[in-house]
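Here is the structure we will look at.
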Amino acid sequence: MLKYITTGESHGKYLAVILEGMPSGLKIDLDDIHLELKRRQQGYGRGGRQKIEEDRVEILGGVLRGVTTGAPLGFLLANKDFKIHDLPELTCPRPGHADLAGSLKYSQGIRAVLERASARETSMRVVVGSVCKRFLEEFSIEIVSHVVQIGKIRIEEAEDLSVAEIKKRVKDSPVNCISRKAEKQMMAVIDAANQKKDSVGGQYEVRVTGAPIGLGSYVHYERKLDARLAAILMSKQSVKAVELGYGTRLAELFGSEAHDEIFYDTKRGYYHKTNRAGGIEGGMTNGADIVARVTMKPIATLRQSLASVDMRTRKPSVADYERADICAVPAGSVIGESLVAYVIAEAFLEKFGGDSMKEIKRHYDGYLKQLRES
Ligand code: EPS
């Protein structure tokens, strides 16, 4: 069973993660992980913190001569902005942040809450995701993301674009967008939010290609892949909605317009010509690309003051401000890729699991043969 646990605070000395359940025999290259970490740090609309940090990890265990051993993998990242012990306490919780409920629930000051609630923790999830991506690559499963909306600026629909085409189009885009026209407008919205001392949210898409039919299951709620994708994507800071395939658009369609008809070809086997289901039917992959859309609310830390209450006096006040991002949707999309990679790797290991890559590949090849004969 694949699982991970992160530890560390935003301005603490270190962040760390342990990933348990990866088989032996998987090549791990720190350069690949550092590339993914760099992608997460980028994106138009990020605040001053990313100019300080250069996220790089050290391997603590589970890798020998560049190859996984099957033991838990450990990674450590040292924060350059390590100052947690010198930072002031906050007393006026920010609307939309974990501050108020976290402080009351844990019976402690806001500082302890925000340090752990911070999205800085997602650097560790990207480390996990890049290991999972590396694993999935061995089975020709690839993942990409792109930003579809920032504020009111939305791209034209891009349903028919392949993962390879999206990868090509988002290359070097400061907002991870496939459209040069929308990209400029998105950047202008972020600039406008900055000028108004505001923040802005948006939506991104994560797309997976190459997943075989039958990851996940219909037999039990915990095994349904759509539920697992929604849960992990929703667990990322700022996320308020997750849709698969046509998602909320399905509400307005008739059944005849909503479902993906089934065809058969001797070369391709069973297939669909459309993908309104987003690659998942009955909690299982159906062989089409998996498509998830994720909506992020605007960042809760604003330079303009929203009403709050001073928790020392319980008198009306305005929310505290700390340095923050204006828009974290482009970074969010990179993190989304990692979260999806983790769930797909987990479901893949459940189905084809073994202690070594060699064993898993044998299981996978056997299943593909079985599908061809079905
Ligand atoms: C965050 C506040 C900001 C962001 C941070 C998330 O950090 P700081 O308070 O140090 O300026 O930069 O995100 C990261 C540090 C990161 O690496 O993604 C928050 O309050 O969630």
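The values are calculated or read from the model by the stated rules, or taken from the named source; none is laboratory data. None of the values given here were measured: they were computed from a predicted structure. Please note: Cβ atoms are built from the backbone with ideal geometry, for glycine as well, and neighbour counts cover all protein chains shown. To get the accessible areas, we keep the full protein, side chains included, count just its heavy atoms, and leave off ligands, DNA and RNA. Shrake-Rupley method; radii C 1.70, N 1.55, O 1.52, S 1.80 Å.
With respect to Phe139, determine if the residue is farther than 17 Å from Pro330 by Cα, touching a residue at least 60 places away in the same chain (Cβ under 8 Å) and either within 15 Å of the ligand (Cβ to nearest atom) or open to solvent by less than 10 Å² (accessible area, probe 1.4 Å) (or both). It is false that Phe139 is farther than 17 Å from Pro330 by Cα, touching a residue at least 60 places away in the same chain (Cβ under 8 Å) and either within 15 Å of the ligand (Cβ to nearest atom) or open to solvent by less than 10 Å² (accessible area, probe 1.4 Å) (or both). The residues on offer are Ser118, Ser107, and the sole one that is open to solvent by 10 Å² or more (accessible area, probe 1.4 Å), modelled with pLDDT of 95 or more and more than 15 Å from Glu322 (Cα to Cα) is Ser107.
A quick yes/no check of all residues on (1) within 16 Å of the ligand (Cβ to nearest atom); (2) open to solvent by 40 Å² or more (accessible area, probe 1.4 Å); (3) in contact (Cβ under 8 Å) with a residue 24 or more places away in the chain; (4) over 27 Å from the mean Cα position of the chain (by Cα):
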| site | (1), (2), (3), (4) |
| --- | --- |
| Leu253 | no, yes, no, yes |
| Tyr270 | no, yes, yes, yes |
| Thr285 | no, no, yes, no |
| Thr295 | no, yes, yes, no |
| Gln304 | no, yes, yes, yes |
| Arg314 | no, yes, no, yes |
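Residue pairs whose Cβ atoms lie under 7 Å apart, separated by 6 or more positions or on different chains, with the first residue in segment 31-52 and more than 16 Å from Lys83 (Cβ to Cβ) and among the hydroxyl-bearing types (Ser, Thr, Tyr) and the second more than 11 Å from the ligand (Cβ to nearest atom) and open to solvent by less than 20 Å² (accessible area, probe 1.4 Å), are Tyr44/Val175; Tyr44/Ile190; Tyr44/Pro330. Identify, please: which residue in segment 200-231 is crowded, with 20+ Cβ neighbours inside 10 Å and aliphatic (A, V, I, L, M) and is, among those, nearest to Ile290 (Cα to Cα)? Among residues in segment 200-231 that are crowded, with 20+ Cβ neighbours inside 10 Å and aliphatic (A, V, I, L, M), the one nearest to Ile290 (Cα to Cα) is Val208.
Only residues that are within 20 Å of the chain's Cα centre (by Cα) and among the β-branched types (Val, Ile, Thr) were counted in segment 105-130, giving 4.
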